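Worksheet for the structure shown next.
A short reminder: the numbers here are calculations on the coordinates, not readings from a lab. The structure presented is a predicted model; accordingly, all values stated were derived computationally and were not measured. Reconstructed Cβ throughout: ideal geometry from the backbone, glycine too, with neighbour counts over all protein chains shown.
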C-alpha cells in the first residue's frame, strides 16, 4: 500500500511547505527515485505511462524539485545557457532546435538569450547574465563580430562556440564553410561559365566572410576575373534588390548566393527581368533550407547540417561539464556538400 501523502505545514516565514521528498514521490508512483529524477529533469527516456504516474504523484504530494539543492549535492544544475543573435533566421533557429532536442535527451534544460546585436559587448553581457542563472555551461551560436580577444567569458564556465574563428581558443563546431563555398564556385566553372558573381552576406558576419574568401580564392586559382561582389543582408528582400542589378548585366551568367534566402529573391528578380534560370543565369545558394528543393527551378545549393551542428555543440559542452575539464583545441568540422539541382547548367 502506498504511503499517505505528507501533511503540509507552516514554514518559518509563514508560507506553506510540503514534507514530500523524491522518495515519497517514488513510492506513491511505484517507481525508483532515479525515474522521478529523470522525469523532473525532462529526460525523454521514460515511458509515457510512467511519466504520467510520476507527474500525478508530484501534483498530489505538492512536490517541486529543488534544483539549487541538487546542484549543491551533485555539482550540476542540469541546465545550459545558449546565446544567439537573430533567432528568427533559418540557420540559427534550426541550430537552436537541435541544441534543445539534444540537451533534453541528456536530461538538461536550456536557458536562451537572443541578443539585440552581435557586438562583443552585447554577447559578453548575455553570457554574464546567463552565467548567473544557474547553468552548467554556455553555447554561443554565431559570435559574429566578436573575436577570441574581444569576447569576455565567465571564469571557469565551460563554453563551446558555433564559429570556426574560435578554433584554438575555445571548443568550436561548424559547417565546412570554405570547402562548401569553393565547391559551389568550382561547380559553376566546371559547367563552362567564365566567372562567377557573388551575392554576398553582411560584411560583419563570420560565415559570410568565409564564403566570400572561398569564392575569391577559387576564382583566382582558376585564373578568372573576380567581379565586384553585390552586397546583401541574408534576407530575400536584399537578394531581390541585388538581383535586379545583376539581371541588368548581360555578362552575368552565374551567381553564387551566400545563402538560400537571398537566392530566392535573386530568382524572383531574374524571372521579372526575363532572364531564364538556368539557361541564361545559373544560381547556387548556401544552406539547403527546406524551401530550396521546392523553388522553381529547384535550387542547387550547399547543405549545412544544422541538426548535427547543434548535437555536436551539446556533446562537446557536456563532455567538458562532466569531466570538469576546460577544452581549448577541440574542433568539429561538419561537411557541407554541394547538392546539385536544376538551377545550374552550362551557359548557352
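Below, the figures for the structure above:
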{"read-out": "Cα gyration tensor category, rounded, prolate or oblate, for the stretch 234-319 with a/c compared to 1.5", "value": "prolate"}
{"read-out": "Packing-based order for 242-251, 229-238, using average beta carbon neighbours within 10 Å, highest first", "value": "229-238, 242-251"}
{"read-out": "Residues 47, 210, sorted so that the one with the fewest Cβ neighbours within 10 Å comes first", "value": "47, 210"}
{"read-out": "Rg/Rg_ref, the stretch 177-304, where Rg_ref = 2.2 N^0.38 Å and atoms are Cα", "value": "0.92"}
{"read-out": "Projected-area mean, the stretch 187-227, by convex hull of Cα positions, square nanometres", "value": "2.8"}
{"read-out": "Mean Cα-pair separation over length for the stretch 177-304, i.e. relative contact order, pairs under 8 Å, 6 or more apart, %", "value": "24"}
